[in-house]
Every structure is written in structure tokens, then in C-alpha cells.
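Asks: Handing you this structure, nothing more for now.
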Amino acid sequence: FIKKALYKFIISKADIVITNSLEFKKEMQKNFKIKVKCIYNPLNINEIKKKSKYKIKDKFFNKKKSLKILNIGRLTKQKDQITILKAIQNLIQKKIRVRLLIIGRGEEKGNLLKYIFENKLTKFVKLKNFLENPYPYIKKSDLFVLSSKYEGLPNVLLESVVLKKLIVSTDCPTGPSEILDKGKGGYLFDIGDHKNLSEIIFKYYKNKSISYPKIDHAYKRLYRFDFNKNMKNYLDVIKKIN
């Protein structure tokens, strides 16, 4: 109650409140009864494509004939990477050749490493520290998985769409469903549902072509996040305030 009251007092002093997703805008309006403007994160498509061309020397992720799954994010309870590890266990039991790379750093690293070791996943899962340029790894992957319990507007999903990767994400508040057009541009699963996650990945493994329409749909919808368009929206807001 105190946190909400303090937050409401602070934002009441703002000239304008901006959110980076329509879902987040609705939440703000509902909880604080204020006017909110949504401006999407400016997405520099050309820069992402350029940086993705760097070659990577990673024996683990270059493994041939293996399904390469990628997750990028802080190693925190919010990101819930344990759910992905449980899904990987299910896939291994089905004799699927899989490689999961998690890129990030955070306080949950010890717990994740412990889970990997105790469940004999060291051959299939690798943790890699935060990278300034993760795009070559996105380009190298087969699919990107987001397991978060909540988000704002996850840039990493947009970056994966730019590089035309299939996305499997939790239907968490806020952002993923909006980016993936309610599942038309990727797969959505319930928070913590590792069984459904593994089923989606298994389905993709058996027939990758069924996911191509989703990848194309997500890419065609990227115009919403155009860099110049959204930078102009920010500039227009600043001009009005001044």
C-alpha cells in the first residue's frame, strides 16, 4: 500500500507518463487513473543485423545435428530459467539432441548451476556471462525461449524477430503477447508450465516448417517498433512539454 501510494504521488508530478507497451499502458491507467502514452522501444534493425554477422567460436553451441535453444536475460527469479531447465529434462528423456545456452548474470546463477549439476544436464546446458553483442548467438540458434514471470517490453524478443528466429515465450504481463500478436508470431505458454514448453519445442523439432508462418508474421509486424518512427514520437512529446 505504501509503495503504491508513493509511486502514485511521484508520477502525479510528471508532465507525461510513457510506457513501452499497450498492455503496460492499460495496467497503469487501471491502477493509477492517469493519462498514459505508449511509445514502443526504438528498434535499430540494421544495427542488429550488422552485429549478428560476427563469427562465434563456441564448440558447445556449434554442435551439429543438435537443436540449439537460446535464452538471454538476467539470472533472477523473475526470469525463471528453472522452467527451461525442466523442459530440457523432458526433451532429453525423449532422446532429443538439444543444446541450451543461457546468457546472463545475476544472483540465481548458483541455484541454476546446482540444478544443472544435480540433474546431470552439464552436457546439454551451458551458462555464459553477459555479452555486449549477443546477436551472433541469436543468429546461430534455432529458437529463442523466454520464461519470465513478468516483463515490460522484452527487447530480446524483438531482436530475435529481427533475426527471424522462432520465439517460444511465457504469456506473462507485459509485452510478449503484444510482440507475438497473441501467438500469431510465435508460441505462448503459461508461466512455469515446463511440460507445455517441452511439448512446443518437441513439435518444432519434429517439423520445423510448421513454424515458418509464425516467424514471417512476427517479422512483418516489426514496423510497429521502427527506430525513426518511435524516436520521432519521443521528440514530439519533448517539444510539446517545452
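The values are calculated or read from the model by the stated rules, or taken from the named source; none is laboratory data. As the structure is a computational prediction, the values presented were derived from the model and not from experiment. Here the Cβ positions follow ideal geometry from the backbone for every residue, glycine too, while neighbour counts run over all protein chains shown. Heavy atoms of the whole protein, side chains included, go into the accessibility calculation; ligands, DNA and RNA do not. Shrake-Rupley method; radii C 1.70, N 1.55, O 1.52, S 1.80 Å.
Asks: Note down the magnitude of the dipole of the chain about its Cα centre, charges +1 on Lys and Arg C-beta and -1 on Asp and Glu C-beta and zero elsewhere, to the nearest 20 debye.
Replies: The calculated dipole for the chain is roughly 780 debye.
Asks: Then there's this: Can you give the charge dipole size of the stretch 1-91 about its Cα centre, rounded to the nearest 20 debye, using +1 on the beta carbon of Lys and Arg and -1 on the beta carbon of Asp and Glu?
Replies: The calculation lands at about 380 debye.
Asks: Next question, about the same structure. Using Cα springs under 10 Å in a Gaussian network model of the chain, which residue among ALA218, ALA14, ALA87 shows the largest mean-square fluctuation?
Replies: Among ALA218, ALA14, ALA87, the largest mean-square fluctuation in the Gaussian network model of the chain belongs to ALA14.
Asks: Okay, moving on. Run the 1.4 Å probe and let me know the accessible area of ARG97, rounded to the nearest 10 Å².
Replies: Rounded to the nearest 10, that gives 130 Å².
Asks: Which Cα, out of LEU113, GLN93, TYR137, lies furthest along the positive dipole direction of the stretch 89-168 (beta carbon charges, K/R +1, D/E -1)?
Replies: Value: GLN93.
Asks: How much accessible area per residue does the chain have, counting only protein heavy atoms and a probe of 1.4 Å, in square angstrom?
Replies: In whole numbers, the chain has 58 Å² accessible per residue.
Asks: Using only Cα atoms and rounding to the nearest 10 degrees, what angle (0 to 90) does helix 22-32 make with the longest principal axis of the chain?
Replies: Rounded to the nearest ten degrees, it is 50.
Asks: Further question: Treat every Asp and Glu Cβ in the stretch 85-226 as -1 and every Lys and Arg Cβ as +1, leave all other atoms uncharged, and give the resulting dipole magnitude about the Cα centre to the nearest 20 debye.
Replies: Using Cβ point charges on Lys, Arg, Asp and Glu, the stretch 85-226 gives about 800 debye.
Asks: For the residue pair ASN41 and ILE82, what label-to-label distance in nm results when each label sits 7 Å from Cα along the Cα-to-beta-carbon direction?
Replies: It is 2.6 nm.
Asks: Once you've got the GNM for the chain with C-alpha springs shorter than 10 Å, pick whichever of ILE39, ILE84, ILE167 has the biggest mean-square fluctuation.
Replies: ILE39
Asks: Right, next: Choose one answer from ASN228, ASN90, ASN155: the residue with the largest mean-square fluctuation in a GNM of the chain with alpha-carbon springs under 10 Å.
Replies: Top of the fluctuation ranking is ASN228.
Asks: Additional query: Taking every pair of distinct Cα atoms and averaging 1/r, then inverting, what Kirkwood hydrodynamic radius in Å comes out for the stretch 106-242?
Replies: 16.8
Asks: Follow-up question, since we're still on this one. In the structure shown, do any of LYS35/LYS220; LYS65/LYS206; LYS26/LYS214; LYS79/LYS109; LYS139/LYS220; LYS77/LYS165 have a Cα-Cα gap over 20 Å, and if so which?
Replies: LYS35/LYS220; LYS26/LYS214; LYS77/LYS165
Asks: Counting other Cβ atoms within 10 Å, keep those with at most 15, restrict to DSSP loop, and tell me which GluC sites (Glu not before Pro) in the stretch 57-146 are left.
Replies: Within the stretch 57-146, the qualifying GluC sites (Glu not before Pro) (loop, at most 15 other Cβ atoms within 10 Å) are GLU107, GLU132.
Asks: Hey, another quick one. For the chain, just run the numbers: alpha carbon Rg, then divide by 2.2 N^0.38 Å, N being how many residues it has.
Replies: Against the empirical 2.2 N^0.38 Å value, I get 1.08 for the chain.
Asks: Using the Karplus curve 6.51 cos²θ - 1.76 cosθ + 1.60 with θ = phi - 60°, what ³J(HN,Hα) values do you get for each residue of the stretch 221-236, in whole Hz, with x for Gly and Pro?
Replies: 8, 5, 4, 4, 10, 3, 4, 5, 4, 6, 5, 5, 4, 5, 5, 4
Asks: Return the lysines within reach of LYS33: Cα separation strictly under 21 angstrom, same-chain partners fewer than 8 residues apart disregarded; answer none if there are no such residues.
Replies: Of all the lysines, those that pass the test against LYS33 - Cα under 21 Å, at least 8 places apart if same chain - are LYS3, LYS4, LYS8, LYS13, LYS25.
Asks: A follow-up question, please. Kirkwood Rh over Cα pairs of the stretch 1-82 into Stokes-Einstein at 25 °C, 0.890 mPa s: D in µm²/s?
Replies: Translational D for this selection: 142 µm²/s.
Asks: Right, another one. Pairing the Cα long axis of helix 2-12 with the longest principal axis of the chain, what angle in degrees results, from 0 to 90 and rounded to the nearest 10?
Replies: Approximately 60 degrees, to the nearest ten.
Asks: In percent, how large is the relative contact order of the stretch 65-175, given Cα pairs closer than 8 Å and 6 or more residues apart?
Replies: 31
Asks: How much net charge surrounds ASN46 when only other residues with a Cβ under 12 Å from its Cβ are counted (Lys, Arg +1; Asp, Glu -1)?
Replies: So the environment of ASN46 carries a net charge of +2.
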